[in-house]
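Structure, as structure tokens:
Nothing in this text is a laboratory measurement; each read-out follows from the coordinates by a stated rule. Computed from a prediction, not measured in an experiment: that's the story for all the values here. Positions of Cβ are generated from backbone atoms using ideal geometry, with glycine treated the same way; all protein chains shown enter the neighbour counts.
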Amino acid sequence: MKDGRPSVVDGNQVPCPWSKDCERLADVLDGEWISEFELVHDGDVDAQLLQHLRAHLPHCASCRETLKQARRTRELGRGMLREYLARAEQEVPSTVDNILQAVRAESRQQAKGAPILQPPHVLSAKSAEPTVSDLPFPAPSRHRSFNKGLALVAVAAVIILSFGLFSRLAWLRTGMLQTTSNTSSATQTADNGVVLPPAPAPNLSFSSDWSSAVALVAQSGKQQIVVFDPLSGKQRVITSTSCDNAQADAIAHSGKNMLYHCYDGQYTVYRLLTGQAYRLEGGRRSSGGEYNAVWSTDDRYLFAMTPHSLMRVDVAHNKVEHLPYSISATRLLFYYQDNLYFSLVQGGSTQLKRIDLVSGAQQVVTQSTAARAQFWLRPDGQAIYYTSGSAGRVGIYAVGIDGGSSYLFSQDQGLVGFDQDNAPMTIRNIQGQWQLVKIDVVTQQVKARIQNVAPGANAIPFENVLLSPYAHYLLTGGQYASNTQRYWLSDLTTGGAQEVFPWSQQANTSTVSSTWLGWSKMQP
């Protein structure tokens, strides 16, 4: 993926979220006529979208193929219409001839003074009507011949106009049906969520390794998403958020995209770094917390909750779908094997629940006595770890992915991630040194991985510790005297820690407020 746009890999076309729009607006992109109905209903939204698509097409093989297929379909339809009109033109002359012959016969009868004959079944058998031979035969005049010619011309004109009017009415009916269908579809989309016009995507490059950390940085009233490569010391602002109260949701499993959202008091707008944006109903709860969204394992879908329903955003096809389920949740946590896991805080405790997105069945997996419990899914999907304090034993508890009996796993405040063998890892202060340790999943034996992750630090908040996937790098923010903060990078392959300076490019680092989001493959 380059420039935030899908590309072709190994000869296979990656699905592009703008393909549907390219297909819908194919006629306009090709310079074809656009009806007044489309202009009235689409307004400025499609005008902005057209500008994006024209700039996007040269870089997207998937959209170019979609446009090519749309052209073929259009030409096929036009060919069928031409064949229909040709057949109609062959049938119309015979109809006209029959009508004209009837008019001539009628004129001859009128010229002889005879009444227009009724069909045989209408006349009574006893009716004594005069025959044609019994009636006087006045001589035709030039005036009557002229009137007869005018009548023939008028009839022909009416016939021609009738066919034209019929065609026009058929065309308008088709257009109105299409407009009604589009309006109905737009209404349905509005009820379920709105796909907003795409924003310009930042020009991104990617590495094969998880070697950069992503942060939401606030300074001087502005919020920015920053990528920091601790190995090279490079950093870059990849985008500015569209609001001053943005909340980060999650980095994609691919490491090449990120989701965040803004709440405007009525709606929540979810935005991706690749430009897509989706507006959903609601956003802030009565308790003050905000709704959130999570990625599916393959990054194809986003799952989000509104005050009244559960939504699924199809990122690959750029559409919002309403799921036929409703849940009561405090926060969505993660998705695994067709199940969406979420937490529900009630009465000072927290339930971990899940819903099967195929059957709709809901289940309580486990319950924590902590009001703000945290949950971690082990990478192999076999267990879930969470914070709790049952019977006064505060620590990390473990439970199977399907629920069942839970047990105290370790007496730590939290986890920072997992080692390459899926063993949970945490930070402990051992003999005055902050160490990164792993805990065996069976024996709970502890093994130090890095002896001193933040030399001389007084404290290490868990939110300032980032362990990369597959446990290659560790970024640690330690607190020091005078409330200062210093960052250290540890390489778990070689060991040891070196100090890094993530905000060295800022004019005044003391005014920087940052929230670390995780590791990515995006490069500054």
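Can you give me the long-range amide H partners of residue 396? Hydrogens built in the peptide plane at 1.01 Å from N, cutoff under 5 Å, separation of 5 or more residues or another chain.
409, 410, 411, 412
Which Rg and Dmax, in Å, describe the Cα atoms of segment 372-524?
Both quantities, over Cα of segment 372-524: 16.4, 53 Å.
Each residue of segment 66-71 in order: what ³J(HN,Hα) in whole Hz does its phi give by Karplus 6.51 cos²θ - 1.76 cosθ + 1.60, θ = phi - 60°, with x for Gly and Pro?
Ordered by residue, 3J(HN,Hα) equals 4, 5, 5, 5, 5, 5 Hz.
Can you tell me the order of 408-414, 314-320 when each peptide is scored by its average per-residue count of other Cβ atoms within 10 angstrom, highest first?
Working: 408-414: 16.0, 314-320: 18.1.
Ranked by mean Cβ neighbours within 10 Å, highest first: 314-320, 408-414.
Could I have the simple spin-label model distance between residue 362 and residue 458, label points 7 Å from Cα toward Cβ, reported in nm to one decimal?
4.6 nm
How big is the dipole moment of segment 407-510 about its Cα centre under a simple scheme where the beta carbon of each Lys and Arg is +1, that of each Asp and Glu is -1, and everything else is neutral? Debye, nearest 20, please.
Values: 5 positive and 7 negative charges, 32 e Å.
Here the size comes out at about 160 debye.
Two-decimal Rg/Rh of segment 223-329 from alpha-carbon positions, Kirkwood Rh?
On the way: Rg = 14.6 Å, Rh = 14.7 Å.
Taking Rg over the Kirkwood Rh, I get 0.99.
Could you please report the charge total around residue 254, scoring K, R as +1 and D, E as -1 over all other residues with beta-carbon less than 12 angstrom from its beta-carbon? Before the final figure, lay out each step's value.
Details: positive: 256, 300, 521; negative: 298, 299.
Residues close to residue 254 contribute a combined charge of +1.
Once you list every other residue whose beta carbon is under 13 Å from the beta carbon of residue 353, what net charge do they have if Lys and Arg are +1 and Asp and Glu are -1? Intermediate results must be reported in sequence, preceding the final value.
Numbers: positive: 331, 354; negative: 356, 402.
That sum, taken over residues with Cβ under 13 Å, equals 0.
Using alpha-carbon pairs under 8 Å, 6+ residues apart, how would you state the relative contact order of segment 387-524 in percent? Walk me through the numbers on the way to the answer.
Numbers: 256 pairs, mean separation 19.3, N = 138.
With pairs under 8 Å counted, the relative contact order is 14 percent.
Pop out the ³J(HN,Hα) list for segment 395-400 in order, Karplus 6.51 cos²θ - 1.76 cosθ + 1.60 with θ = phi - 60°, rounded to Hz; leave Gly and Pro as x.
x, 9, 10, 10, 8, x
Using amide H atoms built in the peptide plane, which far-off residues or other-chain residues are under 5 Å from residue 211 H to H?
520
Between residue 423 and residues 5 or more places away or on another chain, which pairs have amide H atoms under 5 Å apart, with H built 1.01 Å from N, and which residues are they?
So residue 423 has HN proximity to no qualifying residue.
With +1 on each Lys and Arg Cβ and -1 on each Asp and Glu Cβ, and nothing else charged, work out how big the dipole of segment 225-372 is about its Cα centre, in Debye to the nearest 20. Could the numbers behind the result be given before it?
Values: 14 positive and 12 negative charges, 41 e Å.
It comes to approximately 200 debye.
Whole-Hz Karplus ³J(HN,Hα) for segment 256-267, in order, using 6.51 cos²θ - 1.76 cosθ + 1.60 and θ = phi - 60°, x for Gly and Pro?
The phi angles translate into 10, 8, 8, 10, 9, 9, 10, 10, 9, x, 9, 10 Hz.
Grab the other residues whose beta carbon is less than 11 angstrom from that of residue 276, score K and R as +1, D and E as -1, and report the net. It would help to have the intermediate numbers written out before the result.
Working: positive: 271, 319; negative: 314.
Combined, the nearby Lys, Arg, Asp and Glu give +1.
I need to check one value: relative contact order of segment 248-405, counting alpha carbon pairs closer than 8 Å and at least 6 residues apart, in percent. Spell out each step's value before the answer.
Values: 335 pairs, mean separation 16.3, N = 158.
Once normalised by length, the contact order is 10 percent.
What shape does segment 346-389 take by its C-alpha gyration tensor, where a ≥ b ≥ c are the square roots of the eigenvalues and a/c under 1.5 counts as rounded, a/b above b/c as prolate, and the rest as oblate?
Values: a/c = 3.22, a/b = 1.29, b/c = 2.49.
Oblate shape, in that a/c is at least 1.5 and b/c is the bigger or equal ratio.
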